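Worksheet: one structure, shown below.
The values are calculated or read from the model by the stated rules, or taken from the named source; none is laboratory data. Bear in mind that the values here come from a model prediction, so they are computed numbers and not experimental data. With ideal geometry, Cβ positions are generated from the backbone for all residues, glycine too; neighbour counts draw on all protein chains shown. The protein model used for the area step is the full one, side chains on, heavy atoms only, and it has no ligands, DNA or RNA in it. Shrake-Rupley method; radii C 1.70, N 1.55, O 1.52, S 1.80 Å.
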Amino acid sequence: MDDRIMAHLGKVLDVVFSILADGKPRSTAEIVAEARRQRLLPERVTPQQISGALSLNIERALLHGRKPFVVQDPDRRFRLNRPIDDWPEIDTTSLAPLAAPAEAPAGAATAIAALRKAASGSDSVAFEVAVCSTFEIFGFAATHLGAAGQPDGYADALLGELRYRVMIECKLLGHRNLAESSAPAEAARHREDYHGDYCVVVAPALDAEPNFVAELRTHGVAAWTVDDLARAAVLRLDCSRLRPFFAPGFAANALDDYAWEHLHGSAKRLRVVASLLLEIGLAQQRMAHTVGDAAPPRLTADVALSLVDERLMAAGSANGVTREEIDAAFTWLTSPYVDRAVWSDESYTAIIVRPELR
């Protein structure tokens, strides 16, 4: 890779990531062709240079114990390191479009601003207080301690019988902005005395070496940055959903997974299935009238499974629909809150799609 490409490696990767953001794997030739079509990269960029940039990105992530943002499949195509989303963009559910929130709620934004201010200073106690206060926006009751022989704080999830406690260790390391390898052990040392279920170390930023990653796993500690806390607020997470994000390792990985699932996971799949069922059901009902069929076809779950799979395959998807997704779509469409379909009879085995008024 020549010096000019190396100088713009970050830009090159941003362009590649934006092209792969739809969840579909592509060869480097396909990536370059799409980048040129959108005029996102200079003509001099080659597939070999893209391959080198992506391979280097993967190696760096693995070296630092991070989850690579992209992976290369056995067929040598690259994709985002997320479940493949090769379903069509079909949504006639009349629901608000799926979209990632752009900013945190007003109350949370105030706490995050205070946290960022404390993180940019040199007062470690102020940083501890700001971190504990930030946990409260997620539905925790947070307690700041910080004295010798005590943890910096802990946060209790206000979830009744599902409550849990997170031990908090804060590291404000000045301009270095990285978590020391001893931080995970410090974060975990008060777990038993304070009956903690999870332990976290929070720092302004993390530029960790492999030994730090190993320490996180050894001591069962999650590593959070100020940006991670801000992103959790933007994603509207609360303590009922945050429990998996306190698993050992980097919280950023789990946040990336959640953001992807929000846009490309079960919510999108249900919308696509419901949209196809509406289209298929109306087409069946019109056809039955046209041919004068005395025994019109019934849109049962089994029939729906087969017809939706056919539509997905025709759209180029290698991942079919499941029976559970068909059942969920039937339940959603016939819900009184949605009312886009009705059960054909009291056996509740087939649905009739209601025509939409024009």
> Out of (1) assigned to a helix (DSSP H, G or I); (2) touching a Ser or Thr at 6+ places or on another chain (Cβ under 7 Å), what's the single condition that is false for I19?
Replying inline: (2)
>> Out of everything in the stretch 325-358 that is in contact (Cβ under 8 Å) with a residue 60 or more places away in the chain and part of a strand (DSSP E or B), what residue ends up being farthest from R298 (Cα to Cα)?
In response: A341
> Looking at A118, A100, A104, which is the one that is more than 17 Å from the chain's Cα centre (by Cα) and of a type outside the set (S, T, Y)?
Replying inline: A118
>> Quick check on this structure: which one of D238, D228 is of a type outside the set (S, T, Y), within 20 Å of A155 (Cα to Cα) and touching a Leu at 6+ places or on another chain (Cβ under 9 Å)?
In response: D228
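Considering only residues that are closer than 16 Å to C170 by Cβ and open to solvent by 60 Å² or more (accessible area, probe 1.4 Å), which ones fall in the stretch 101-132?
Across the stretch 101-132, the qualifying residues are R116, K117, S120, S122, D123, V125, V129.
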> Looking only at the stretch 274-302, which residues are over 16 Å from A341 (Cα atoms) and of a type outside the set (G, A, S)?
Replying inline: M287, H289, T290, V291, D293, P296, D302
> Does any residue in the stretch 311-322 that is over 14 Å from L270 (Cα atoms) come within less than 8 Å, Cβ to Cβ, of a residue that is small (G, A, S) six or more places away or on a different chain, and which pairs are these?
Replying inline: M313/G320
> Quick one: A247 ticks every box in (1) of a type in the set (A, V, I, L, M, F, W, C); (2) open to solvent by 20 Å² or more (accessible area, probe 1.4 Å); (3) in contact with an Asp or Glu (Cβ under 8 Å, 6 or more places away or on another chain) bar one, so which box is it?
Replying inline: (3)
>> Taking the criterion of being farther than 30 Å from R340 by Cα, assigned to a loop (DSSP other than H, G, I, E, B), open to solvent by 50 Å² or more (accessible area, probe 1.4 Å) and among the aliphatic types (A, V, I, L, M), would at least one residue in the stretch 78-89 satisfy it?
In response: no
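Filter the stretch 248-295 for residues that are part of a helix (DSSP H, G or I) and aromatic (F, W, Y) and give the result.
Across the stretch 248-295, the qualifying residues are Y258, W260.
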>> When the residues of the stretch 24-48 are narrowed to those that are open to solvent by less than 30 Å² (accessible area, probe 1.4 Å) and at pLDDT 90 or above, which ends up nearest to K268 (Cα to Cα)?
In response: P25
> When the residues of the stretch 57-77 are filtered to those that are open to solvent by 50 Å² or more (accessible area, probe 1.4 Å) and of a type in the set (A, V, I, L, M), which remaining residue is nearest to A251 (Cα to Cα)?
Replying inline: L62
>> I need the full set of residues from the stretch 317-355 which are open to solvent by 30 Å² or more (accessible area, probe 1.4 Å) and among the aromatic types (F, W, Y), in order please.
In response: W332, Y337, W343, Y348
>> Which count do you get for residues in the stretch 5-23 that are open to solvent by 30 Å² or more (accessible area, probe 1.4 Å) and over 27 Å from N319 (Cβ atoms)?
In response: 6
